[in-house]
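J.: Please read through the structure below; I'll follow up with questions.
The values are calculated or read from the model by the stated rules, or taken from the named source; none is laboratory data. Please read these numbers as outputs of a predicted model, since none were measured by experiment. Cβ: placed from backbone, ideal geometry, glycine included. Neighbour counts: every protein chain shown. Just so you know, the surface numbers come from the protein's heavy atoms only, side chains and all, with ligands and any DNA or RNA stripped out. Shrake-Rupley method; radii C 1.70, N 1.55, O 1.52, S 1.80 Å.
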Amino acid sequence: MLRYVTTNGGKVREAREYLGDEVRQLDFDYTEVQAAELAPIAAHGAREAYRHAGEPVLVDDAGLFVRGFDGFPGPYSAYVEGTLGVEAVRRLVSRELDDTRATFRCVLAYCDGEAFDATPDPVDRDDRVAAAAAGADGDADDDAEADDTLPVKLFEGVVRGEIVEARGDGGFGYDPIFEHDGSTFAEMGPEEKNAVSHRGRALEKFGEWFQER
Ligand code: ITT
């Protein structure tokens, strides 16, 4: 059984549209290492979640990257949603920026403890850098070295859009203020959102690979 590792029920609902009922949520709050990219965070999370669950896991790390803010809030999107809030992000963008373009990104990281062609080096190397940094902070028991040998496969989806005044009441998180092709994600039904969204694109890639596996 595949475990979708997230504390966010909205993500699981979207994943089920692609992967069916075989997917079960694993409500596990893995350590989010500090990194400028989503990939090392997701890879680290997948290894930790697999060690915790002992069965195949899929971690979903996502974020909203505002172009005029050099990608902020990016990997910090959940923290910013919980502190400033979505509406404050919208106001900040409209006050400070002429260019309101943004992208949503989603990285899925799969780990089942078995060997396969892991995602090429850069991601794993970043992960090692993050793990080494955690070790340098004095965490002598850090088992990052053993962890590193666990292959992780990554799948990424990206969608471009604009930050707009909130519209719609579907979806979750930043959906009401993210417009793609004339509609906000919160104005779209789940299928419609999945067909174009960052998560939908990543899930599609994962689904194809997983089926062959
Ligand atoms: P987990 O880490 O437990 O999976 P989370 O909600 O904290 O749950 P992330 O760390 O990936 O998820 O944070 C991503 C942030 O972006 C968070 O504030 C989400 O609400 C938001 N987000 C992610 N995907 C989204 C989507 O499809 N639509 C709107 N907001 C989204």
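J.: Among GLN211, LEU26, GLY10, flag the residue with its Cα farthest along the positive direction of the charge dipole of the chain, charges on Cβ as +1 for Lys/Arg and -1 for Asp/Glu.
T.: About the Cα centre, the residue reaching furthest to the positive side is GLY10.
J.: Using the alpha carbon gyration tensor of the range 1-93, what are the three equivalent-ellipsoid semi-axes (square root of 5 times each eigenvalue), largest first, in whole Å?
T.: 26, 15, 11
J.: Here is a further query. Using the Kirkwood formula over every pair of different C-alpha atoms, what hydrodynamic radius in Å results for the range 156-213?
T.: 11.8 Å
J.: Same structure, new question: Any chance you could list the semi-axes, whole Å, largest first, of the equivalent ellipsoid that the Cα gyration tensor gives for the chain, using √(5λ)?
T.: 29, 21, 14
J.: Any chance you could give the angle, 0 to 90 degrees and rounded to 10, that helix 9-19 forms with the longest Cα principal axis of the chain?
T.: 70 degrees
J.: Hey, another quick one. For ASP169 and GLU17, what does the FRET efficiency come to when R0 = 25 Å and r is the distance between their Cβ atoms, rounded to the nearest 0.05?
T.: For ASP169 and GLU17, the calculated efficiency is 0.85.
J.: Further question on the same structure: Please get the size of the charge dipole for the chain, origin at its Cα centre, with Cβ charges of +1 on Lys and Arg and -1 on Asp and Glu, quoted in debye to the nearest 20.
T.: 600 debye
J.: Rounded to the nearest percent, how much of the accessible area of the chain (1.4 Å probe, protein heavy atoms only) is carbon and sulfur?
T.: Carbon and sulfur atoms account for 44 percent of the accessible area of the chain.
J.: Pull out the extension gain between ARG24 and ASP181, defined as 0.36 nm times the separation in residues minus the alpha carbon to alpha carbon distance; nm, one decimal.
T.: 53.4 nm
J.: Quick check: pseudo-label points 7 Å beyond the Cα along Cα→Cβ at PHE210 and ARG95, how many nm apart are they?
T.: A separation of 4.2 nm, rounded to one decimal place.
J.: Here is a further query. Calculate the length of the line joining the C-alpha centroid of the range 175-213 to that of the range 44-92, in whole Å.
T.: 16 Å
J.: Hey, what's the chain come to in accessible area per residue, 1.4 Å probe, Å²?
T.: For the chain, the per-residue accessible area is 51 Å².
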